[in-house]
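This report refers to the structure that appears directly beneath it.
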Amino acid sequence: MAKTGTTTQGLRAAIERSGYYPALVAEAVEAAVGGEPVASYLVHQETTFDSNEVRRHCTVLVLTGHRFIVSHTDEQAADDSSPTPYATTSTESVKLDRISSVVLSRVVANPEKYVPGTLPREVVLTIGWGAVARIDLEPAACGDPNCEADHGYTGSSTADDLSLRVSEAGDGPDTVRQTLAFSQALSEATAATSR
């Protein structure tokens with residue numbers, strides 16, 4: 001379930017509608033937002049299956065005039081560290097000028113028949129600001145198939161701070177639309193800060 005909008009009251013209502021520990025999630029998000037007006041937000045509650053357990057997660061993305069705030073809450077079953085179930089909530093506040101990339105991948109069915117404005121069946125929103133980077137390395141080679149020299153390594157570094165996948169089949173068409181709207185608002189905000 002995802003909800004998007006532009007007011008602090010709307011943000012609180014969307015968190016409550018998600019049904020995922022609303023008091024806990026709202027308190028963490030509201031503390032991070034502080035008194036800033038909310039420009040846009042997205043609330044995404046996801047259920048995953050991990051071995052024999054069902055786990056729920058809630059991610060809240062908030063855009064203010066100067067910051068991008070991400071809050072993530074996970075629930076955990078009782079374990080060696082806690083005899084009762086518990087939840088962990090983290091928030092991160094990023095200045096808009098630190099966001100280095102906003103990537104929106106769209107998956108469309110029957111691309112040869114695509115009509116502009118048609119809703120993608122799936123979107124993946126990836127946002128990078130330099131907190132997490134993934135480095136993929138592999139041995140470098142030359143064009144000679146008989147060469148046995150050590151050519152070192154080649155690879156790529158990818159900013160991968162946040163990736164959020166939303167599908168029409170799993171989350172519904174409104175959730176896909178809301179993710180597209182938040183992505184556009186964030187892209188426009190980051191473009192405005194780089195001028």
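The values are calculated or read from the model by the stated rules, or taken from the named source; none is laboratory data. This structure is a prediction, so every number in the text was calculated from the model and none was measured. Counting neighbours? That spans all protein chains shown, and the Cβs are built from the backbone with ideal geometry, glycine included. With ligands, DNA and RNA removed, areas are computed over all heavy atoms of the protein, side chains included. Shrake-Rupley method; radii C 1.70, N 1.55, O 1.52, S 1.80 Å.
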Exercise for the section: Answer yes or no: is there a residue in region 19-29 that is touching a Phe, Trp or Tyr at 6+ places or on another chain (Cβ under 7 Å) and open to solvent by less than 80 Å² (accessible area, probe 1.4 Å). Expected result: no
Practice task
Go through the residues of region 107-127 one by one and say whether even a single one is in a loop (DSSP other than H, G, I, E, B) and of a type in the set (Lys, Arg).
Solution key: yes
Problem - Restricting region 77-87 to residues that are in a strand (DSSP E or B) and more than 30 Å from Val38 (Cα to Cα), the residue that is least open to solvent (accessible area, probe 1.4 Å) - result: Ser82
Handout entry: Single condition Arg177 does not satisfy, out of (1) charged (D, E, K, R); (2) at pLDDT 85 or above; (3) assigned to a strand (DSSP E or B)
Key = (3)
Handout entry: Meets criteria (surrounded by fewer than 16 Cβ atoms within 10 Å (Cβ to Cβ), within 23 Å of Leu11 (Cβ to Cβ) and touching a strand residue (DSSP E or B) at 6+ places or on another chain (Cβ under 7 Å)) for Thr64
Key = no
Exercise for the section: Assess whether Arg12 counts as being without any contact (Cβ under 8 Å) to a residue 24 or more places away in the chain, open to solvent by 60 Å² or more (accessible area, probe 1.4 Å) and not in a strand (DSSP E or B). Expected result: yes
